[in-house]
Protein chains: 2
Amino acid sequence: MKNINCDKDRMKDKIVTFSKFGDTGRGGITRLALSEADLKARSEFTKRMKALGAEIITDDMGNMYATFKGAEDLPHIAMGSHCDSVVQGGNYDGILGVMTAMEAAETIVTENIPHRHPITVMIWTNEEGARFDPAMMSSGVITGKFDKEKMLASKDVEGVTFGEALDASGYKGDESNRINPKDYMALLELHIEQGPVLESKKMDIGVVEGVVGMVNYEFEFIGQAGHAGTVPQKMRKDALLAASEAIQYLHRELDKLDDKLVYTTGRINCSPNVHTIIPDDVKFTLDARHQDPKVIQQVVEIIRNIPSELAKCKVSYRELWSRKTISFNKELVDLVEKNANEYGYSNMRMYSGPGHDAQFAADMLPVTMIFVPSIGGNSHCEIEKTPVDNCLKGANVLLRTILDIDKK
Amino acid sequence: MKNINCDKDRMKDKIVTFSKFGDTGRGGITRLALSEADLKARSEFTKRMKALGAEIITDDMGNMYATFKGAEDLPHIAMGSHCDSVVQGGNYDGILGVMTAMEAAETIVTENIPHRHPITVMIWTNEEGARFDPAMMSSGVITGKFDKEKMLASKDVEGVTFGEALDASGYKGDESNRINPKDYMALLELHIEQGPVLESKKMDIGVVEGVVGMVNYEFEFIGQAGHAGTVPQKMRKDALLAASEAIQYLHRELDKLDDKLVYTTGRINCSPNVHTIIPDDVKFTLDARHQDPKVIQQVVEIIRNIPSELAKCKVSYRELWSRKTISFNKELVDLVEKNANEYGYSNMRMYSGPGHDAQFAADMLPVTMIFVPSIGGNSHCEIEKTPVDNCLKGANVLLRTILDIDKK
């Protein structure tokens, strides 16, 4: 088995080919779910998978399943990701998980590698949520987290519903075709890291143990508006001054917690936001993520301890949403690590900060993920890049792990 | 002279009447320059002034001059303000200066008070700049600060130019009718304070010594974007964290300066302003005002001393604009104070934070202003309010000062 390898030229060809579908002309793509660009990518996927002998079905959310029969009547082993992108996204987020799965399957077929289980290459519909809110829509519906009727009614900016776009796409299939714990024994998703850790630590492979839990809060500061030229400083209730004190407080306190905690005050809105008026209402968000629920609890304590008044302004906060830490299947995680080691690829265990379809699917069957480095930590942007050698290393670990699972 | 007083019922009637022109139905007005509401107010002004025997002319910017002849052939004494408002403004800002001037003139006429100089009640066109940018447009053109052709080409949101609106209004007159230093000996403008100082100090009258100088800067912080869930805290360059540190720095340092300094960080813009992305570009404005140029210079020193890097982000700043302190005519300022004292009205000397047409006019002839309190310091909003007793006190001081000037 040690000599089995995916093919670099084929890998490169896939990257070049799929980068055309939605090409922005500036190095990236805009390939919104069920858009013309998405349908072109799906068509290319179909063509290539069929040429290798796969049978293709879709489910009622438009998820695609290209299956290569196994020698025995056993549950499928699935691998894949999504092929939609954000607006002005890159050529790797999502689609690399599809392309490496295609390449792993292609290697199995062209090398005539025997396998007992059917092997299925998957495409999830609308992972980004960039055209139809929310993100991870289809895995959410399949695992009962989202209401299907509500999802079908989700509209894009032009008023087209997801349901309408799905009907028009030709990719709507039967609900009975959904990935499920009876017919599938495992799901693997390869993805770019979307962060700078692997690159900065010079690691080839991220052995993903799970997806970190998170909380998302919104803080609000109510002050009093007034003319910039008339209200004496001591009489002011400046909501932006209060917000800046709160940002300082949060950084000071949160920096005392475990250094794997990541937190972000990413959005701030100031009202009335006029240079000659004292701000009377400022809101900002806090996103905090850590794999250990105890650390998240410490974050919540710090939030609760924020003074109720800052700079004479009223301080309030509310939770916008949260998610618990998801742990991937321990046996699959170990297999990924073993295979990375056997190939001699440098690797490290890590948690995913961003959410992925795999995290929802982990509720119903054994799942894990494989990360490859993102240059500069860039993602969701046109300069997103993973060198082809790293893509190939990821594909090899994926291939070997699939074949290990097949032996069980 | 001590028994001369303006009339409270007439003052109240003027306030009620003018509040109808542009009435929003929520206690305030929207009376944009040369709008239908503005033309109705001008028409009411014309009717009332003509009924008292005034002769009315307009100049090439639509400024109105209602003149009551004097006993001798001498330069005019002018008083007035503007009658346009911001969107959803109040019933006092600007128009109170017109109404008190009307009431002072009405008192002179009905009481048959002899006067040697012609007395002119003025309306300035487009002081707010709310429909046609910039503010103080007409006084700016007359005193050579703004280019007239550019001002005529200034467009409202519907694409109508100031020149077109002026032509259509019927209020366009000759350039030779402009207020000027040869034909006018003084100009007085009464205005609401637009701040909380007079009310909080229980003062009836603000004796305005001038308009404070100001600087307006924009700060920018350049960091690096990244996914909220992936970039370790120590590797981040968070532009919003940098901006909050800068706001703290500015408050800490500026609070050490003279306590009459007012400064405001009123506008903040964060990019990309998404809760799951580390901000990479944040800008905010700093508006600082003080009557003493030395204090403004200290503000500029503090700005220049801001660290060039905060939270690992690049810090830069630029001056958006500035203005020097304008001092009003000392003799007129003293007269206002003397008359407030003679009436037994509590009063204090102060500088204006906001700009006014009087400040531009001060370049060409002796000018001063009289302030009356604004309840809660409110202005440019529908709840703007000055009790009628305060309006009357302001009208009395205005009247007495005009008659004092007439004796010179």
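What the table shows:
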{"quantity": "Chain B: relative contact order as a whole-number percent, Cα under 8 Å and 6+ apart", "calculated": "23"}
{"quantity": "Per residue Cα convex hull volume in Å³ - calculated over region B:1-150", "calculated": "115"}
{"quantity": "Chain B - share of DSSP beta bridges that are antiparallel (%, nearest 5)", "calculated": "65"}
{"quantity": "Sum of -39500 (n - 2.57) over DSSP H runs of 4+, divided by residues of the protein assembly as shown (222 nm, nearest 500)", "calculated": "-10000 deg cm²/dmol"}
{"quantity": "Inverse mean reciprocal Cα-Cα distance (Kirkwood Rh) of region B:325-370, Å", "calculated": "11.4"}
{"quantity": "Distance in nm between pseudo-label sites at A:Asn3 and A:Lys234 (7 Å out along the Cβ direction from Cα)", "calculated": "8.8"}
{"quantity": "Solvent-accessible area, 1.4 Å probe, carbon plus sulfur percent, for chain A", "calculated": "49"}
{"quantity": "Total formal charge among the other residues, if their Cβ is under 10 angstrom from that of B:Lys155, Lys/Arg +1 and Asp/Glu -1", "calculated": "-3"}
{"quantity": "Accessible-area value, B:Thr368, 1.4 Å probe, nucleic acids and ligands omitted, Å²", "calculated": "0"}
{"quantity": "Cut-off under 5 Å, modelled amide H: who pairs with B:Gly70 long-range", "calculated": "B:Ile119"}
{"quantity": "Amide N of region B:77-103 lying under 19 Å from the label point, which is placed 7 angstrom from the Cα of B:Lys407 along Cα→Cβ", "calculated": "B:77-78"}
{"quantity": "Other copies of A:Gly344: label-to-label distances in nm, shortest first, labels 7 Å along the beta-carbon direction", "calculated": "10.3"}
{"quantity": "Net length gained if the chain between A:Asn341 and A:Asp363 were fully extended (0.36 nm per residue, minus Cα distance)", "calculated": "5.1 nm"}
{"quantity": "Loop trypsin sites (Lys or Arg not before Pro), region B:194-279 (other Cβ atoms within 10 Å of the site Cβ: 14 or fewer; DSSP)", "calculated": "B:Lys201, B:Lys202, B:Lys256"}
{"quantity": "At most 14 other Cβ within 10 Å, DSSP loop - trypsin sites (Lys or Arg not before Pro), region B:275-347", "calculated": "B:Lys324"}
{"quantity": "Closest Cβ on chain B to the rotation axis that carries it onto A (distance rounded to whole Å)", "calculated": "B:Ser244, 2"}
{"quantity": "C-alpha center-to-center spacing [region B:90-114, region B:313-345] in angstrom", "calculated": "24"}
{"quantity": "Residue pairs, from the table A:Lys20/A:Lys385; A:Lys314/B:Lys283; A:Lys47/A:Lys69; A:Lys12/A:Lys408; B:Lys8/B:Lys385, whose Cα atoms sit over 20 Å apart", "calculated": "A:Lys314/B:Lys283; A:Lys12/A:Lys408"}
{"quantity": "Relative contact order of region B:71-164, defined on C-alpha pairs under 8 angstrom at six or more residues apart (%)", "calculated": "27"}
{"quantity": "Residue order for A:Met203, B:Met11 - accessible surface, 1.4 angstrom probe, largest first", "calculated": "A:Met203, B:Met11"}
{"quantity": "Label zone at A:Val300, where the point sits 7 Å out along the Cα-to-Cβ direction: region A:308-324 residues whose backbone N lies under 18 Å", "calculated": "A:317-324"}
{"quantity": "Vicinal HN-Hα couplings computed from phi for region A:7-24 (Karplus, 6.51 cos²θ - 1.76 cosθ + 1.60; Hz; Gly/Pro x)", "calculated": "9, 5, 5, 5, 4, 4, 4, 5, 4, 5, 5, 5, 5, 7, 7, x, 3, 8"}
{"quantity": "Pairwise centroid distance, computed over Cα atoms, of region A:176-233 with region B:385-408, Å", "calculated": "64"}
{"quantity": "Shielding score for B:283-290, defined as the mean number of other chain Cβ atoms within 10 Å", "calculated": "3"}
{"quantity": "Heavy atoms of B:Asp280 accessible to a 1.4 Å probe, total area in Å² rounded to 10", "calculated": "50"}
{"quantity": "Translational diffusion coefficient (Stokes-Einstein; Kirkwood radius from C-alpha pairs) of chain B at 10 °C, 1.306 mPa s, in µm²/s", "calculated": "70"}
{"quantity": "Cleavage-rule hits (GluC sites (Glu not before Pro)) in region A:77-175: DSSP loop, at most 11 neighbouring Cβ within 10 angstrom", "calculated": "A:Glu158"}
{"quantity": "Unit charges on C-beta of K, R, D, E only; dipole of region B:233-290, Debye", "calculated": "120"}
{"quantity": "Added length on full extension, which subtracts the Cα-Cα distance from 0.36 nm per residue, A:Tyr317 to A:Ile113", "calculated": "67.8 nm"}
{"quantity": "Area buried, chain B against chain A - accessible surface, total, 1.4 angstrom probe, square angstrom", "calculated": "4200"}
{"quantity": "Residue among B:Val157, A:Pro114, A:Pro387 farthest towards the positive dipole end of the protein assembly as shown, charges placed on Cβ", "calculated": "A:Pro387"}
{"quantity": "Copy-to-copy label separations for A:Val109, where each label sits 7 Å from Cα toward Cβ, in nm and ascending", "calculated": "9.6"}
{"quantity": "Cα Rg, Dmax (largest Cα-Cα span) when computed across the protein assembly as shown, Å", "calculated": "35.5, 118"}
{"quantity": "Cβ-vector label at 7 Å, B:Glu301, separations to other copies in nm", "calculated": "4.6"}
{"quantity": "Cα-derived Rg to Rh of region A:213-323, Kirkwood definition", "calculated": "1.04"}
{"quantity": "Shielding by partners, peptide B:219-228 (average Cβ within 10 angstrom, other chains)", "calculated": "5"}
{"quantity": "Mean accessible surface per residue for the protein assembly as shown, computed with a 1.4 Å probe while every protein chain stays in place, in Å²", "calculated": "38"}
{"quantity": "Spin-label zone in region B:111-141 - amide nitrogen under 15 Å from a point set 7 Å from the Cα of B:Ile56 along the C-beta vector", "calculated": "B:120-125"}
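The values are calculated or read from the model by the stated rules, or taken from the named source; none is laboratory data. This one's a predicted model, so the numbers in the text were calculated from it and none came from an experiment. Cβ atoms come from the backbone with ideal geometry, glycine included; neighbour counts cover every protein chain shown. Just so you know, the surface numbers come from the protein's heavy atoms only, side chains and all, with ligands and any DNA or RNA stripped out. Shrake-Rupley method; radii C 1.70, N 1.55, O 1.52, S 1.80 Å.
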